[in-house]
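What follows is a set of notes on a single structure, which appears directly below.
Nothing in this text is a laboratory measurement; each read-out follows from the coordinates by a stated rule. Quick caveat, the model's predicted, so the values are computed rather than measured. Cβ atoms come from the backbone with ideal geometry, glycine included; neighbour counts cover every protein chain shown.
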Amino acid sequence: MKLIHTADWQLGKPYARIQNSQKRTLAQRARLDALHKIADLAMQHQVDCVLVAGDAFDSPTADRGTVSAACAAIGQMQVPVYMIPGNHDHGGPGSIWNQDFFNQEQSQLAPNLHVVTENKPIVLEKFVLLPCPLMSRRSLSDPTTWLRDESILASLDPTLPRVALAHGSVQGFTSTVDEEDASLGASNLLNLQHLPISELDYIALGDWHGVKEVSPKSWYSGTPEPDRFPKGDSNRPGFALLVEVKRGENPTVNELHTASLNWHEMNFEFTQDSDLELLQSKISELTQNRVDQDLLKLELHGSLGIEASASLEKYLESLRSRMIRLKLKSQTTIAPNEAELNELSQRASDPLISSVAAKLIQQSGSHDPQEATTASIALRELFSACQRMESKA
Amino acid sequence: MKLLSATVSHYRIHKSTKLEFDPSRTLVGGPNESGKSTFAEALHRGLFLKSRITGAALEDMKSTVHVGAPGVEIYFESGSNQYRLVKVFQGQSGSTQLTEIGGESWKDEAAESKLNELLGVDDVGGGRNILERLKNQWGHLWVWQGESGSHPSQHVAQENSNLIQRLQSEGAAAVLQSALDTAVADWIETRYSEHFTKGGKQKAGSDLASAQEEERQAYEDFHKAEERLKRLEQAIQNFEQSETGIMDQEKALVDILSQKKISQERIHQLESLQNDRQQKAEQQQRASQQLELFDQVHKKIESLKINRDEVSKALAPESHKLEDVRKSLDASDQAILSASRQHETALEHTRNARLRFDWIQSWKNLLNQKSQLAQLLKRQTQAKQLKDQVRVVKEELQQLPDLTDSMVQKLRKIESRYEASKAVVESMAARIEIKQADLKVTLDGKLIQPGAQQTISESTELQIGDAVIIQLHPGGGGSLTEAREKSQQLKNELAEAFDKAGIQSIEKANEAAIRRTQLIQKLEHLEEQLKPLDDGDLEDDIAQLESNIQVSESELNRRREKLKDEKLPDDSDQESLKSLESDARETLDQVEMKENEFRRELEMARQKKNSITEQLTQLENHIRQREVKLQDLKTEIKVLEETHGNLEKRQSGLETARQEKQELDTELAELSARLNSMQPDLLRSELERLHRAEDITRKTIQDLRDRRAESKALCEYDGSNDPQMEFETAHARLAESRENLERENLRAGAIQKLTELFRSEKETLSSQLSQPLADRISIYLRALFGAGANAVVKFEGQEFQGIQLYRPGQVGAFDFSELSGGTREQVAAAVRLAVAELLACDHDNSLPIVFDDAFAYSDPDRVQSLQCMLDLAANRGLQIIILTCNPSDYALLGTEVRSFKTTENTQSPSR
C-alpha cells in the first residue's frame, strides 16, 4: 500500500510581513502550488491515498478564498485524501471544518477529501487509518492516547496495515516557531513511546516543518513549501513523503521535493567599504539573480563609509525589489572613511560645513547610541547635500 | 581721505558758497534754510554723481535764482596727494575735471573713473532712480538729515563686501562662510522647514507627521484586529472551558447521584426501623394503659368500698336526729292552733268595735249632709226671688227701643241740621197768603183756601180761576232750591233714623235711652247678688246632696242592721253623737291592740314551725342523698366487680399486664438504640446536602451548556474574513509603521541636528567675523553709555544684519529696533563711525563722515556724550563734519563754528 504523507500546508498563511501585496500573493500562491505538485506526485507514484497530518490551513478561520482554492487543489489529487485538524486548524468551536461554506466547497470541489474528527479506526480497503485529530488548539491530553487501548487494535483485521495520523510535538522535537509567529503558541505533545508500536505500521506526523524520522515507523513529513527562514541544517522543509506500508514491517519512506520558493538566511559583517561588493557577490551566488523566487533574511553588522553606506542602501533597495521578501536586520553603522572625513571636515574654503561636519563626526562616536545614530545619519545627509550642491555648482 | 574744501555754485540757493574743512572736526552752523543740507547734498553729488547726468537729477540741482549750470569744486586729500575736483552739471555738456595738485589731470570719464577709484566706489551710472541709488554711495559716511535714526545695516549694505574684506583681514581666525556653505546651509534649512515649523514644532504634512499618523492608524487597526481575535479566542476558550466544565460537572453529578442513592437506601432503612419503633411504642403505650387501667379499677373498687362504709356509718345518727325534729314539728303545730284561736277571738272583737264605730260615723255623716241640704234650699229660695226680678227688668228692657246715648246724639245732630236747613228755606221762600179769593186759587194745581198761607220755595204756578195763571219765582234763585233739597234730604234722613229706632221724636229717643241705661244698671246689680247664691250648679248640688243623703241613710240602716243585737240610741244629737263616737274609738283602739298582739304570737308560732319544717326537709334530703350515694356505691362496686372480677382475679390480671409492659419497654429501648446508632439527623442532612449538590450541579451544567452555546455562536465564522490573518496583517503593518516612524524620527532628528549645528556654527562664524566691528562699535558706545556698554553684531552670510546693544545697568540685549529715537540715532552714529573707521584703512586711515542735523532727537544730557564720541572718532583719524542749526549744542566739541563763505566768483567752476 502506497501513500503520500504530507502535513503543515498552512494554506492562507498571511505573510503579513511581506509589504508588497503582489509579492505577498506570490508567497501565498506557492503554498497552493505545492498541492498541485503533490497531486502530480500522487499520480506519478500511483499512491492509494494522501494523508495530511494536520495544519492544512494556517488558521481555524481561514477565509473563503483560501477554502475554495484549497478544495480545488485537493480535488485534483484524484485519490482519497484523509486529513486531520492540527493545532492551526483545530476542530474546536468556530473552526473551518464546521463552516457551511467549507462543506459546500468540499462537496463540490473536493469530494475525495475526508476530514476526520473522531478518534476511531477507519477501515479502508487496503489499510486501517487510526486518526488522532486535534479538536482544540491546545489539547491537554495526548491525542494518541486512545491508541493505547489494546482492545481497539486487537479488534482490527490483523492483515491490514495500520497507519496512525497525528499532529503534535514528540519528545525532543517541538515545532519551534518563528518570532513573527510567536502568537501561535506551543504545540501539543505526543507520547509515541506509550503506543504499542509493534501493533502499528506507520505513524504519519505533522507539526514539525522539516522532514524528520522520529523512528523507523514514525515520520514527520514537514511542510511541502517552506514558510519560514531555515532553522539550521536539520530542519529541511519542502518535501512530501512517499510511504510504502506493509503489515508487520517497517515502512519504506522516500522524500519527494515539492518546494518552489527559496528561503535563505545570511549574516554578513562589513569591515571595509569594499566588503559591499563581497556581499553582493555572495547574495548573487545564493539567489542566482532570480526575481520573485527567493526570500532572504539578511543580518548586517560592521560599519561602512558614507558613500559605501549610501551604495548599500541602493543595493538593498534592489534586493527588496528582487526578493519576495528581504528581512533585513542591519546593525551597520556609518563611519566616514578617511577621505570622507577629510572631504567633510578639512574644507578650508567652506568653514561652516567643515565645522558642522567636525561636530557630527565627534558626536557619531558618542556613547549615547541615539546621539551617535542621529549624528551618523546627519553626517550622511550633510555629505549628500554637499555632493548635491557641488554638482549643481 | 580727507576733504579740504568745497565750493558749490549755482546750486539751488547757493550762488557760490565755499566751505573749508578742518582735517578732524568741522562744525558748520547756520539757521534753517541757510543751505546746509543743500551744501551737503551738492558735496555728495560732486563726489559721486556723473557730471553729464540729465533729466530730473539735473533739474533737481538747478537754481531758480542764479543763472548758470550747477557746479561743485572740491579739494581733497587722498594718499599723500591733494586733488582738485571740478564738476559742472550741464547735461550732455556737463564736465568733470580731476587734477592732482602738482601732478596729473583727468577729464570727464577718465576723471570720473579715477575719482571712483580714489573714493573706492563703483560707478553708480545714471538712469532711473539715480538719486535713490546715489544715496548708497558712501551711505555709511553721509548721515542725511532725517535719516540718522534708521537702521545702520541699510547704509552699510553698499559697503558689505569691503567691510567683510576688512573684517577678514582684521580678525586673525575669522573666516567667511563660502557660497557652498551658504547653499548647503540653505538646503538644510529647507529640509528643516519641511519637517518643522519656525517654532521648532513638528510640521503637519511632514514625512514624520505622516509616519506618526500611519503608526497611529496602524496601532488603531492592530488594536481592533487584536480585540476581534481576542474575542474569538476568548469565545473559544470559554467554549473549551465550558466543555471541560460540563464533563467535570457531569462526572461530579454521577458521583452525587450514587451517593444520593446510598443515602436514600439508608434513609429507607431508617424509616423502616422508625416504623417498627412506632408500632412497638404504640403496643407499649397500650400495655401501659392496660396496666394503668387495671391499677385504677382496683384502686377505685377499694376506694368505693371505703366510701360505702363511711356513708353507711354516717347515716345512723342522722336518722335519730330526724325523729327528734319530727316531734318538734308536732309541738309547733299545737302552738299555732292555740295562737290562732286567740287571734280569731280578738279579731271578732275588733270587727264588732269597728262596726259600731263605723255606724256612728255614718250617722254623723248623715247629719252633716242634712244640715248642708237645709242651707242649699235656703239659698235656692233667695235665688228664685232675685231671678224673678231679673226677668221683669229684662222684659222691660226688651220693650225699649234699642238706643244708645251715642245714637241719640247722632239723631240730635241730624235733627239740628234739619232744623237749620228748614230755617234757611223758610227765610228764602215767598209766602203766599190768600186773603180772599173769588175764584178758585190753585197753586201748582193745588187748591188754596183763602187765609191759608203757602210758602213757595220754588217756581210755582199760581192759577186763579181759569183765566189767571201766575208763575211765581221765589227769590234766591238756585240756592233756594238747593237749600230746600238739602232740607228735604235731612228730613228724610231724620225720618229714616226715627223709623229705624222705632221712635217718633228725639225726646222719645232721649227718654228711651235714659230708661235703658237705668234698667241695665239694675240688671247688673241683680246678677251681682245672684251670683254667690247660685253659680249655676245649685240645683245639681241640691240634687246630689239629696241623693247622698239617701245613700247615707241606707248605709246607716244597713250598719244598724248589723248591730241589731246591740242596744243603741235611735236618735241623737250632735253632742251625744260625739260622745258615742269617742267611746267607740276608744273601744276600737283597745281591741285592735289586742288583736295585733295575738296576731304576732300566731306569726311567731308559724315561723317556728317553718323553721322546724325546713330543718326537717334538709335532714330528710341529706339522709336521702346519703342513702342514694350508698346505693350508688354499692351498685358501682357491684358493676366493677362484675366487670373486673374479684380481688384475686384483679391482682392476677395486674401482674400479667405489668410483665407485658416491661417486655415491651425493653424491646422499645433496643429499637431506639439501633435508630440512634444510625444518626438519623445526620442521614437526613446528608440527603438534603446531596439534593442541594445535585441541584447546584445540574444548574451549573445548564449554565455551562448555555455558556458553551453562547461561546459557540460567537466562534462561528462564515469565512468572509479571517481574524487570525487580519490580526497578523495588522501586527505586521504596525511593526512596519513603527520601523518607518523610527526611520523618520531618525531622519528628522538628523535634519534637526544638522540645522541646529549649522545655525550655531554660523553664529560662531558670524561672531568671529564681526568681532572687530563689534569691538569698534563698543568703543564708541562706551563713550556714549559708559564703560559697561557693548555691542554684538549680527552677520548673515556676508551681510551685516543688525546690532544688539548691552548697556551698563540693564539686563539683556536690546535690538536696534527696540531703542528710543534718540538712542537709535546715537547707536546708528556709533555703527557708522565704527564702519568708517574700519574702512578708513583703505583711505589713509581717514574718511570724512558727514552728520547733517543728525541728532535731532537726542537729549541735551546725551549731547555731551555725543560730542565725546565724535571727538573720539576724530581722534581715531576720522574727519567729522557736522552741519547743525544749533552749533551751541556742540560747544564742547572743542572746535570753532564755521559758516559758508560766498565767493566772488559767480561763474561755474572753471575747467
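Between A:SER169 and residues 5 or more places away or on another chain, which pairs have amide H atoms under 5 Å apart, with H built 1.01 Å from N, and which residues are they?
A:ASN188, A:LEU189, A:LEU190
With both bridge residues required to lie in the protein assembly as shown, what share of the DSSP beta bridges run antiparallel, to the nearest 5%?
55 percent
Pick out, from B:VAL67, B:GLY812, B:GLY146, the residue whose Cα sits farthest towards the positive end of the charge dipole of chain B, with +1 on the Cβ of Lys and Arg and -1 on the Cβ of Asp and Glu.
B:VAL67
In whole Å, what are the Cα extents of the stretch B:1-121 along the three principal axes, biggest one first?
37, 36, 23
May I ask you to list, by number, the DSSP H helices of chain B whose Cα span along the axis is at least 20 Å and whose average Kyte-Doolittle hydropathy reaches 0.5 or more?
Result, helices passing both filters: B:821-839.
Given H placed 1.01 Å from N in the peptide plane, which residues other than close sequence neighbours of B:THR26 have an amide H under 5 Å from its amide H?
B:ILE880, B:ILE881, B:ILE882
Pick out the long, greasy-scoring helices in chain A: whole DSSP H runs spanning 15 Å or more along their own axis by Cα, mean Kyte-Doolittle at least -1.0.
Helix filter hits for chain A: A:21-44, A:64-75, A:275-287, A:306-322, A:351-364, A:369-392.
Quote the Stokes-Einstein diffusion coefficient, in whole µm² s⁻¹, for the stretch B:549-643, based on the Kirkwood radius over alpha carbon pairs, a temperature of 25 °C and a viscosity of 0.890 mPa s.
122 µm²/s
Using a 10 Å cut-off around each Cβ of peptide A:18-27, what is the average number of partner chain Cβ atoms that fall inside?
Mean number of neighbouring Cβ atoms from other chains: 1.
For each of B:HIS268, B:HIS44, count neighbouring Cβ atoms within 10 Å of the residue's Cβ, then give the residues from fewest to most.
Sorted ascending by nearby Cβ count, the order is B:HIS268, B:HIS44.
Which lysines does B:LYS522 reach when only Cα atoms under 17 Å apart count, and residues fewer than 8 places away in its own chain are ignored?
B:LYS384, B:LYS387, B:LYS394, B:LYS531
Ignore the peptide's own chain and count Cβ atoms of other chains within 10 Å of each Cβ in A:362-371; give me the average, rounded.
Counting Cβ atoms of other protein chains within 10 Å of each residue's Cβ and averaging gives 1.
How many Cβ atoms of partner chains, on average, are near each residue of A:379-390 if near means within 10 Å of its Cβ?
Across the residues of A:379-390, the mean count of other-chain Cβ atoms within 10 Å is 4.
Alpha carbons only, please: Rg and Dmax for the stretch B:125-168, in angstrom.
Gyration radius and largest Cα-Cα distance of the stretch B:125-168: 11.7, 35 Å.
If I take R0 = 60 Å and measure r between the Cβ atoms of B:SER93 and B:THR197 in this structure, what FRET efficiency does the formula 1/(1 + (r/R0)^6) give, to the nearest 0.05?
For R0 = 60 Å, the calculated efficiency reads 0.45.
On a C-alpha basis, how far is the centre of the stretch B:771-807 from the centre of the stretch A:235-265 in Å? Whole number, if you could?
Taking the Cα centre of the stretch A:235-265 as reference, the centre of the stretch B:771-807 is 87 Å away.
Could you list B:LYS2, B:LYS251 in order of exposure, starting from the residue whose Cβ has the fewest other Cβ atoms within 10 Å?
By the 10 Å Cβ count, ascending, the order reads B:LYS251, B:LYS2.
What distance in nm lies between label points placed 7 Å from Cα along the C-beta direction at B:ARG626 and A:ASN250?
Going from the B:ARG626 label point to the A:ASN250 one covers 13.5 nm.
Determine Rg/Rh for chain B; Rg is computed over alpha-carbon atoms and Rh is the Kirkwood hydrodynamic estimate from the same atoms.
1.71
Using label points projected 7 Å from each Cα along Cα→Cβ, tell me how many nm separate B:ASP844 and B:ALA331, to one decimal.
Taking the two extended label points, one gets 20.4 nm.
Could you work out how far apart the two model spin labels at B:LYS435 and B:ILE101 are, taking each label as a point 7 Å from the Cα in the direction of the beta carbon, and quote it in nm?
It is 21.0 nm.
Given the options A:ASP275, A:ASP89, A:ASP294, state which has the largest fluctuation in a GNM of chain A using a 10 Å cut-off (strictly under) for Cα springs.
A:ASP275
Which values, in whole Å and largest first, are the semi-axes of the equivalent ellipsoid of the protein assembly as shown obtained as the square root of 5 times each eigenvalue of the Cα gyration tensor?
158, 100, 41
Can you work out the PRE-style zone for B:LYS62? Point 7 Å along Cα to Cβ, and I want the residues of the stretch B:1-31 with backbone N under 13 Å.
Counting only backbone N, you get B:11-12.
Positive end of the dipole of the stretch B:195-246, charges at C-beta (+1 Lys, Arg; -1 Asp, Glu), about the Cα centre: which of B:SER206, B:GLY245, B:LEU232 has its Cα farthest in that direction?
The residue sitting farthest along the positive end of the dipole is B:SER206.
Taking the Cβ of each residue in B:SER362, B:SER272 as the centre, tally the other Cβ atoms inside 10 Å and list the residues starting with the fewest.
B:SER272, B:SER362
Can you count the Lys pairs in the stretch A:236-393 with C-alpha separation below 23 Å, eight or more apart or on different chains?
Within the stretch A:236-393, the lysine pair count is 10.
Using a Förster radius of 30 Å, what is the FRET efficiency between B:ARG658 and B:ALA314 based on their Cβ-Cβ separation? Nearest 0.05, please.
Result of the calculation: an efficiency of 0.25.
Can you pull the three principal axis extents for the Cα set of the stretch A:188-302, in Å, largest first?
Ordered largest first, the stretch A:188-302 gives principal extents of 64, 25, 19 Å.
Please report the antiparallel percentage of the DSSP beta bridges confined to the stretch A:8-164, to the nearest 5.
Among the beta bridges of the stretch A:8-164, antiparallel pairing accounts for roughly 15 percent.
Less than 27 Å apart at the alpha-carbon level, and either on another chain or at least 8 residues along: which lysines does that give for B:LYS135?
Cα-Cα hits under 27 Å: B:LYS2, B:LYS15, B:LYS18, B:LYS36, B:LYS50, B:LYS62, B:LYS87, B:LYS107, B:LYS114, B:LYS794, B:LYS901.
Under a 5 Å amide H to amide H cut-off, with H placed in plane at 1.01 Å, what residues pair with A:ASN262 once short-range neighbours are removed?
Amide H neighbours of A:ASN262, under 5 Å, 5+ apart: A:ASP294, A:LEU295.
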